[in-house]
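The values are calculated or read from the model by the stated rules, or taken from the named source; none is laboratory data. The model shown is predicted, which means the values in this text are computed figures rather than measured ones. We place every Cβ from the backbone using ideal geometry, glycine too, and count neighbours over all the protein chains shown. These area figures cover heavy atoms from the full protein model, side chains too; ligands, DNA and RNA do not enter into them. Shrake-Rupley method; radii C 1.70, N 1.55, O 1.52, S 1.80 Å.
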Amino acid sequence: MTEPNRLTPHGVPDHQPAAGGIAARARAAVTPQYLSGLNPEQREAVETLDGPVLVLAGAGTGKTRVLTCRIAHILSQGRARPGEILSVTFTNKAAREMKLRLGQMLGHAVEGMPWLGTFHSIAGRILRTHAELVQLKSNFTVLDVDDQIRLLKQLLQADNIDDKRWPARMLAGLIDGWKNRGLMPSQVPAGEAAVFGNGRGGKLYALYQERLKILNAADFGDLLLENIRLFREHPDVLRNYQNRFKFILVDEYQDTNVAQYLWLRLLAQAPSSSTSPRLRGEVELRSNSGEGDSPRVEPVERAPHPDPLPVREKIVAPASPPKNICCVGDDDQSIYGWRGAEVDNILRFDHDFPGAKVIRLERNYRSTGHILAAASHLIAHNEGRLGKTLRTEDVDGEKVTVTGAWDSEEEARAIGEEIEELQRAGHKLNDVAILVRASFQMREFEDRFVTLGLPYRVIGGPRFYERAEIRDALAYLRVINSPADDLAFERIVNVPKRGLGDATVQMLHDHARKRRIPLSEAARAVVETDELKPKARGALRDLIASFDRWRAQSEVTLHTELAEIVLDESGYTEMWQKDRSADAAGRLENLKELVRSMEEFENLQGFLEHISLVMDREGGAEDDAVSLMTLHSAKGLEFDNVFLPGWEEGLFPSQRTLDEQGRAGLEEERRLAHVGLTRARRRAKLYFATNRRIHGTWSTTIPSRFLDELPAHNVEITESKGGSGWGGSGGYGPSRFDNVEAFGSSYTTPGWQRAQANRARGQGGRGGGFDERQSPFSSGRGDTGGFSRTKRAPMTIEGELVAKSTGTTSEFSLDDRVFHQKFGYGRVVKIDGNKLTIAFEKAGEKKVVDSFVERV
DNA sequence: CGTCCATTAGTTTTT
DNA sequence: CTAATGGACG
């Protein structure tokens, strides 16, 4: 119906012929062609080159187009050369897409943008050029998560910390969190450092950093953090970059964490003459907290909303002309808060960059009216937002559908059938996506699709370079390239099996530590002694000889050939060829792919430097298949038909997020729902199941509150097409539980009984309706403020009761032994109306509402 | 040193 | 219920 309008909203030349470079075009017309296709707001965002600009770009409003056009504009106006534009994205995919689009727009006039890339790749690149200044060598290794954990395990062992009680994984998470917040070991608040390993968390962080330096390695967080340190300790280096970058562009600004923010801030400061007070401020800040364990002077109080750098306001004097920085983002699509992203960064942009111009892009070119209205109405329930109103000129289209299913199996069956129906109606499977909250939901769909013979592909999952076989292969190459890479050496010393087990490795470690030499060197020495059993000694000798041989060959052989030789001679390929398991063939295929991908790089060194940062596999999208992915990985994508299963309390919004992040968590979940809905161009279909198996046991669920928050006018309740259903009733709506009731007396499962009990206890006969303002189902419910609803199962946020059930006093008494679905068994220690404080045997003390526990 | 069984935990994910 | 990890045994 509206195809033409949707595809090229304003005749925007998405695939402009590459002919006649920008210069020609600029000369030819008053309005260059790349500008003529933009709407007024987009155009303003592109043409406002001076000073700070914040572009609030809602879903589907042409964000990437604005960014690329802006770059084209800067170049064609002669305001900067390609090498003077810093343009950062979060993912390689986004960076690649921008490069591609720029190429299309500019033809071959520009030989790439050297400073267009991800935060990490650009920071890493800067770091490599000045590695010595931060105690690294320019060929430092970027550790993957696996190496990181192994290194931490070693530290824990050396410190005699029970890694059962204090898992290395947890410490890795903490350190990552600190790095995300831009905190060096000395800056970690004492209280936080103490939570790990009986107060040794901070010390371990410091030890870990020390070890990294010895190993000539950096983890992902370091790429930014060490870069920040570099800039702070060496103002001359910083000034060099400040001068170089005339324009800074940032994509997905809502996802920046504190470290990225600080990094940007440093670069965005106006380049200053040598003795700028601002710069001195920066330096002093550093020298205060200095290296080693000098007393920490700078203030780091960071509650409740952490100010990344309290001294900041003094550092950046608003007086100086602000840098030309343009950040593009959408606060409503911030879904990575749990990973350290600070929505705050976008919310306070004009505070940080005084005089910033804020431009809103609100014209949506993607979705139909109903979908957009549903998404907008839903997200309007969030409090902490800058506020945008998306609008479309598209037709209303089909209403968003909500379908209830008996259980997750039926949900999968129903969606499967709908997809087949779409297929029969001539839709491409490539235009269909299923977006789930959590990956465990995918299984059911995969099972179903396999039965149906419906082609599908899973997006996301383990990344290419995270696969064991890829990391093993890389480890071999790393050892060849850098013999001191202990982590790599340790990884492959016994892969494939050579009879060099823990005992041998342990002894190598001892030796290496005593002599302060790398493992491979220790191995060389130990082989000369009789400390090892002849068998192990022989195996180790062979291995060392192999590495010597390969290293010699690497001087004269093409790196791709070398890789083949190594994989072959080490017996690694053979190991997988012998493997009879199902995925062995795929692994061999991946190894081939790895070798193929090496061709893009000059040499081994260059390949290794980039592999961990830019390697991601682009799965063959050639075949027509349904896409199956999490909501998170769907960001930035769009499909004609989007299925959104699992809209149930506890799953979506995720109870865990609510528990851990409270109100902010709920808002983030809601943004996730908003992202999900706005992925759809033509059809958005929501589902909830009444019963779902979680950790193997069935439990009854309640429709998501987000369903209630949809505007009734744009939503249609449909019947499950899955068959067995609930006796063909109207599905979701005021009557649906009644229907179930007639049906359900034959059910005797605990889950069913619990559902009955809950209903009887004044949760009402309705699990929900739509927003009452417009809801045809509403029956005088309370407010819609999100938290104090009455017909909703009580939910707790941060242990606080956010939804009251009835006002009656509790039927529980002190010391009662109770059972809670989530927390298990416990004892009542305090009663406050219907709020109980219970000491759970496993989960500790929690405040819960009485209707969620039963006496046992 | 390697294999097999038991125990345990169990969102979201980029770089 | 499953996948992954760790400990005990051969």
Can you give me the % of accessible surface on region A:526-633 that is carbon or sulfur? Probe 1.4 Å, all protein chains present, nothing else counted. 48 percent
Using a 1.4 Å probe on the protein heavy atoms, what percent of the accessible area of region A:408-495 belongs to carbon and sulfur? 47 percent
Quick one: Cα centre-to-centre distance for region A:113-129 and region A:321-399, in angstrom? 27 Å
For region A:396-547: relative contact order, % (alpha-carbon pairs under 8 angstrom, 6 or more apart): 15 percent
At the level of C-alpha centres, the distance separating region A:520-549 and region A:574-594, in angstrom, is 28 Å
Can you compute the label reach from A:K203? Point 7 Å from Cα along the Cβ direction, backbone N cut-off under 18 Å, restricted to region A:146-171. A:152-168, A:171
Within the set A:K99/A:K388; A:K428/A:K578; A:K153/A:K635; A:K153/A:K497; A:K99/A:K578, which residue pairs have Cα atoms separated by over 31 Å? A:K428/A:K578; A:K153/A:K635; A:K99/A:K578
Would you please put A:411-423, A:691-703, A:342-354 in order of how densely packed they are, using the mean number of other Cβ atoms within 10 angstrom per residue and starting with the highest? A:411-423, A:342-354, A:691-703
Quick one: which of A:632-638, A:580-586, A:59-65 comes out on top by average Cβ neighbours within 10 Å, and what's the full order, highest first? A:59-65, A:632-638, A:580-586
Over the residues of region A:141-215, compute the C-alpha Rg and express it relative to 2.2 N^0.38 Å. 1.00
Give the separation of the Cα centroids, region A:454-506 to region A:407-444, in Å. 36 Å
Could you go through region A:70-77 in sequence order and give the Karplus-derived ³J(HN,Hα) for each residue, using 6.51 cos²θ - 1.76 cosθ + 1.60 with θ = phi - 60°, rounded to whole Hz, and x for Gly and Pro? 4, 4, 4, 5, 4, 5, 6, 7
FRET efficiency (A:R339, A:K137; Cβ distance; R0 25 Å; to 0.05) is 0.25
Give me the mean projected area, in nm² to one decimal, of the convex hull enclosing the Cα positions of region A:465-616. 9.2 nm²
If each residue of separation counts as 0.36 nm, what is the full-extension length gain between A:L588 and A:V358 once their alpha-carbon separation is subtracted? 77.7 nm
Segment A:A194-A:Q104, extension gain: residue separation times 0.36 nm, minus the distance between their alpha carbons: 27.1 nm
Exceeding the 32 Å Cα-Cα cut-off - candidates A:K63/A:K399; A:K179/A:K357; A:K203/A:K246; A:K137/A:K164; A:K246/A:K592: A:K203/A:K246; A:K137/A:K164; A:K246/A:K592
Whole number in Å², please: accessible area per residue of region A:465-616, 1.4 Å probe, ligands, DNA and RNA not counted. 51 Å²
Accessible area per residue for region A:141-215 in Å², computed with a 1.4 Å probe and the full protein assembly in place, what is it? 42 Å²
Using the Karplus curve 6.51 cos²θ - 1.76 cosθ + 1.60 with θ = phi - 60°, work out ³J(HN,Hα) for each residue of region A:233-249 in order, rounded to whole Hz, and write x for Gly and Pro. 7, 10, x, 5, 5, 4, 4, 4, 6, 4, 6, 5, 7, 7, 9, 10, 10
